[in-house]
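The values are calculated or read from the model by the stated rules, or taken from the named source; none is laboratory data. Model, not experiment: these values are computed from the prediction. In this analysis, Cβ positions are derived from the backbone assuming ideal geometry, glycine residues included, and neighbour counts consider all displayed protein chains. These accessible areas exclude ligands, DNA and RNA; they are computed on the full protein's heavy atoms, side chains included. Shrake-Rupley method; radii C 1.70, N 1.55, O 1.52, S 1.80 Å.
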Amino acid sequence: MSSVIDHPVQPSPEVAAALAEGRPVVALESTIISHGLPRPENLTVAREFEQAVRDAGAVPATVAVVGGVPCVGLDDAALETVANDDTVVKVSVRDLGVVVSRGGHGATTVAATAHLAALAGIRLFATGGLGGVHRGALETWDESADLVTIGRTPVTVVCAGVKSILDVPATLERLETLNVPVLGYGTDRFPGFYLADSGSAVPWTVSSAREVAEVIAARDRLALTGGMVVAQPLGPDEELPRELHDHTLTTGLAAAAAQGVRGKDVTPFLLAWFHERTSGASLAANVLLVKHNARLAAQIAGELAALAPTAAR
Ligand code: PSU
Ligand code: MN
């Protein structure tokens, strides 16, 4: 039995075997399960995200801190804890050491998931939306640690862009400063999560998983050790109706301000606001886009394993 003293993270037996054999593995975050999606759908959906990775030929590794152990790959009981236990806290990189030392439960954000996945040797990570620069950040300084962490962590994050609850142009500017390439998958527009087009352009467009794997391999050869973002939009028939989206966003931002919601609570507050006020439409879009991203990340991991067998681990 390995311990967290010998090894920084604890991979599940299935994940450990896949990594040792150079088979494709895709990390999945857990904040989306505990704080991003409503109960009881969150547990079912968490299993569906893992299944989407499997269906595309890779091994899913959902990341979370369970009883103080930084786990990469969760068994059924651990996944259930993350989905249903009220003591699970949202854990970004700054929180990891505290939650681990106290033996607590933590659901990892994109930043904390990327950090632990990279420690385990996983190169691909699928999620819904990245954190980013919040609106009004000039006064509040509220910028997600997701950005700086991706900037220095050798993981490719497949997402549907960022939510329009954020300042999208400022987020893209920060990613540029942090040397993070943003590749639009089949699009030259940066996706806006529920919306296919956030209104901003991406610097690069790719059209196959193979192409993304080639960029990862080229970056490895160039000793570019930071991370990368692959942004995949929902289809035209899959995105939220724009009027519904805009109305829900405006009222949600106003409610957050009126109720004094700040810091790490802002994102979960706005996600819940959308889920409660779009009669299931935002939830359906959210689940669909994560599954798309899980599938694409698995395909990229497969291509990378074929292209550069040692880089895929
Ligand atoms: N954006 C979403 N859904 C999410 C999150 C962001 O559309 O679930 C979660 C992710 O876990 C992300 C985190 O890493 O919120 C960012 O939170 P903060 O802005 O507090 O860093
Ligand atoms: Mn924040």
| Taking the highest mean first, how do the peptides 252-262, 180-190, 148-158 order by number of other beta carbon atoms within 10 angstrom per residue? | 148-158, 180-190, 252-262
| said: Helix-only estimate, please: 222 nm mean residue ellipticity of the chain, summing -39500 (n - 2.57) across DSSP H runs of length 4 or more and dividing by its residues, to the nearest 500. | reply: -14500 deg cm²/dmol
| Based on DSSP, what percent of beta bridges with both residues in the chain are antiparallel, to the nearest 5? | 30
| field | GNM top mover of GLY121, GLY302, GLY235 - the chain, alpha-carbon springs below 10 Å | value | GLY235
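May I ask you to rank THR62, THR177 by accessible area, largest first, using a 1.4 Å probe over the protein chains only?
On the way: THR62 5, THR177 95 Å².
Greatest to least solvent exposure: THR177, THR62.
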| message | Restricting everything to alpha-carbon atoms, can you work out Rg to Rh for the range 95-173 with a Kirkwood hydrodynamic radius? | response | 1.00
| Rg (Å, one decimal) plus Dmax (Å, integer) for the alpha carbons of the range 174-313? | 17.5, 53
| remark: With the 1.4 Å probe rolled over protein heavy atoms, the range 2-65 has an accessible area per residue in Å² of 40
| query | Quick one: what do you get for the range 218-283 if you divide its Cα Rg by 2.2 N^0.38 Å? | reply | 1.59
| remark: Percent antiparallel among DSSP beta bridges confined to the range 1-104, nearest 5, equals 40
| query | What percentage of the solvent-accessible surface of the range 161-228, computed with a 1.4 Å probe over protein heavy atoms, is contributed by carbon and sulfur atoms? | reply | 53
| Residues of type lysines that LYS163 reaches as a straight line, Cα spacing below 16 Å, ignoring anything fewer than 8 places off in the same chain | LYS264
| query | Can you give the FRET efficiency for ALA77 and ALA306, using 1/(1 + (r/R0)^6), R0 = 45 Å, r = Cβ-Cβ distance, to the nearest 0.05? | reply | 0.85
| query | Where does the Debye-calculated log10 I(q)/I(0) of the chain sit at q = 0.09, 0.15 Å⁻¹, using only Cα point scatterers of equal weight, no solvent? | reply | -0.39, -1.19
| message | Run the numbers for ASN179 and ALA258: contour at 0.36 nm per residue of separation, minus the present Cα-Cα distance, in nm. | response | 24.8 nm
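Could you do me a favour and compute the accessible area per residue for the range 164-258, 1.4 Å probe, result in Å²?
47
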| request: Run the quick spin-label model on ASP188 and LEU224: label points 7 Å from Cα toward the beta carbon, then report their separation in nm to one decimal. | output: 2.0
| task | At 30 Å minimum axial length over the Cα atoms and a Kyte-Doolittle cut of 0.5, report the qualifying DSSP H helices in the chain, or say none. | result | 281-307
